[in-house]
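**Student:** One structure follows; several queries about it will come next.
The values are calculated or read from the model by the stated rules, or taken from the named source; none is laboratory data. What you see is a predicted model, and the numbers here were worked out from it, not measured in a lab. Please note: Cβ atoms are built from the backbone with ideal geometry, for glycine as well, and neighbour counts cover all protein chains shown. Accessible surface is based on the protein model in full, side chains and every heavy atom, while ligands, DNA and RNA are left aside. Shrake-Rupley method; radii C 1.70, N 1.55, O 1.52, S 1.80 Å.
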Amino acid sequence: MAFEARALKEEIGSAVRTSVKDLLTPAVAAQVREMLVQRGVLVFRGLNLSDEQQVVLAGLMGSVRQEGEKGIYKITLDKNANARRDYLKGSFLWHIDGTHDDVPVFASLLTGITLSTMGGQTEFANSYAAYEALPEKMKQRIAALKVVHSVEVSMRRADIEPSEANLSFWRNFPDKTHSLVWTHKSGRKSLVIGCHASHIAGMDKAEGQQLLQELLDWTTQPRFVYRHEWTPGDLLIWDNTGVLHRVEPYPLDCGRMMHRTTLLGEEAFA
Ligand code: OGA
Ligand code: MN
């Protein structure tokens, strides 16, 4: 058998067991991709992929975004390794990557290289499943709503210093308005919410923010969440278009280092 998979939670996550050799074949990578969209997040314990192997796997699953060194972007708060580390503190809050783009990234592959001894565990919430389970009345209430997403709002919520340099960097990203309910080409629907969701367009600000908070609390309740406790060499892959994620805060100088490869988006928010 090329791989074995078992559900981690009923509504999110599967653990996959396979050999690196089998995984790096087009047939298995295609099956992994399909499972990813069904399960939201896939966990390969202690797989220990090399950087090159990780980029090969990503290339078999989609189009690799050119970032970092040869498709490997280093996630770390260490000041010597990452000049824009401040910005990564935004990942301590529930978010979707790339809501400042029209076409958000499809998925990310993340290998744990050096782990934090304090915090640093990563959580995922299935926003497809959360939408599906909403009461019919709420589905009707939110069907036509649009949400304004702001990089500045998300950075301020993450308590990142609004210095002149940071403010001018954040303001390079214009606010974006996306439908609250994303109807994907597949017909499935997910919620586009998170720390970057500033307010609801055309609604009283406080009322809109209260509704967004209610939906975030709903989506991140335990039944829709998988929490990953890292062991070295783990590979995680998440479908950024259907799950929210966050990392538990960890100390700036703890040396935590993750290697990420990102797949370009294939579908605009709609
Ligand atoms: C990311 C992210 C979480 C982590 O890479 O987009 O949010 O655990 N990472 O580092
Ligand atoms: Mn992220």
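**Student:** Just to confirm, what accessible area per residue do you get for the chain at 1.4 Å probe, in whole Å²?
**Tutor:** It amounts to 47 Å² per residue over the chain.
**Student:** Let me ask something else about it. Leaving ligands, DNA and RNA out of it, report the carbon-plus-sulfur percent of the accessible area of the chain at a 1.4 Å probe. Please report the intermediate quantities before stating the final value.
**Tutor:** Working: 6330 of 12570 Å².
Whole-percent figure for carbon plus sulfur exposure: 50.
**Student:** Also, I was wondering about something else. Based on Cα coordinates alone, diagonalise the gyration tensor for segment 203-253, multiply each eigenvalue by 5, take square roots, and list the semi-axes in whole Å, largest first.
**Tutor:** Ellipsoid semi-axes (Å, largest first): 29, 15, 10.
**Student:** Taking the Cα centre as origin and putting +1 on Lys and Arg beta-carbons and -1 on Asp and Glu beta-carbons, what dipole magnitude results for the chain, to the nearest 20 debye?
**Tutor:** It comes to approximately 280 debye.
**Student:** Using the Cα gyration tensor of segment 137-266, with a ≥ b ≥ c the square roots of its eigenvalues, what is the shape: rounded (a/c below 1.5), prolate (a/b larger than b/c) or oblate (neither)?
**Tutor:** oblate
**Student:** Roll a 1.4 Å probe over the protein heavy atoms and report the accessible area of T114 in Å², nearest 10.
**Tutor:** Here the residue's solvent-accessible area equals roughly 60 Å².
**Student:** Simple spin-label model, 7 Å along Cα-to-Cβ: K137 to K21 in nm?
**Tutor:** 5.9
**Student:** Hey, if we sort M203, M118, M155 by accessible area with the 1.4 Å probe, largest down, what's the order?
**Tutor:** M118, M203, M155
**Student:** Using Cα springs under 10 Å in a Gaussian network model of the chain, which residue among E164, E229, E11 shows the largest mean-square fluctuation?
**Tutor:** Fluctuation is largest for E164.
**Student:** Residue separation times 0.36 nm, minus the C-alpha to C-alpha distance between R6 and L88: what's the value?
**Tutor:** Full-extension gain reported as 26.4 nm.
**Student:** Would you be so kind as to identify all helices of the chain, as entire DSSP H runs, whose Cα atoms reach 18 Å or more along the helix's own axis and whose mean Kyte-Doolittle hydropathy is at least -1.0?
**Tutor:** For the chain, where a helix must reach 18 Å along its axis and average at least -1.0, the hits are 26-39, 205-219.
**Student:** Follow-up. What is the local net charge at S14, summed over the other residues whose Cβ is closer than 15 Å to its Cβ (Lys, Arg +1; Asp, Glu -1)? Don't skip to the answer; put the middle values down first.
**Tutor:** On the way: positive: R6, K9, R17, R33, R39, R45, R227; negative: E4, E10, E11, E34, D234, D239.
With Lys, Arg at +1 and Asp, Glu at -1, the net is +1.
**Student:** Under the Karplus relation 6.51 cos²θ - 1.76 cosθ + 1.60, θ = phi - 60°, what is the ordered set of whole-Hz ³J(HN,Hα) values for segment 126-137, x standing for Gly and Pro?
**Tutor:** Each residue's phi maps through the Karplus curve to give 7, 8, 5, 5, 5, 4, 3, 8, 5, x, 3, 4 Hz.
**Student:** Starting from the coordinates of the alpha-carbon atoms of segment 3-263, obtain the Kirkwood hydrodynamic radius over all distinct pairs and give the value in Å to one decimal.
**Tutor:** Averaging 1/r across every pair of different Cα atoms and inverting gives 18.9 Å.
**Student:** Here's something else I'd like to know. Given springs between every Cα pair under 10 Å in a Gaussian network model of the chain, which of A15, A201, A27 has the largest fluctuation?
**Tutor:** A27
**Student:** Right, next: Could you report the accessible area of C254 in Å², rounded to 10, computed with a 1.4 Å probe on the protein chains as they sit in the structure?
**Tutor:** Approximately 40 Å² for this residue.
**Student:** Run the simple label-point estimate for A270 and S168 please: 7 Å along Cα→C-beta, distance reported in nm.
**Tutor:** Taking the simple label geometry, A270 and S168 are separated by 3.9 nm.
**Student:** Please give the length that would be gained between Q66 and D175 if that part of the chain were fully extended, namely 0.36 nm times their separation in residues minus their C-alpha to C-alpha distance (nm, one decimal). Write down the numbers at each step before the final one.
**Tutor:** Details: separation 109, 0.36 × 109 = 39.24 nm, distance 2.40 nm.
Here the answer is 36.8 nm.
**Student:** Quick one: what are the phi-derived ³J(HN,Hα) couplings along segment 156-165, Karplus 6.51/-1.76/1.60 with θ = phi - 60°, whole Hz, x for glycine and proline?
**Tutor:** 5, 5, 7, 6, 8, 4, x, 5, 4, 5
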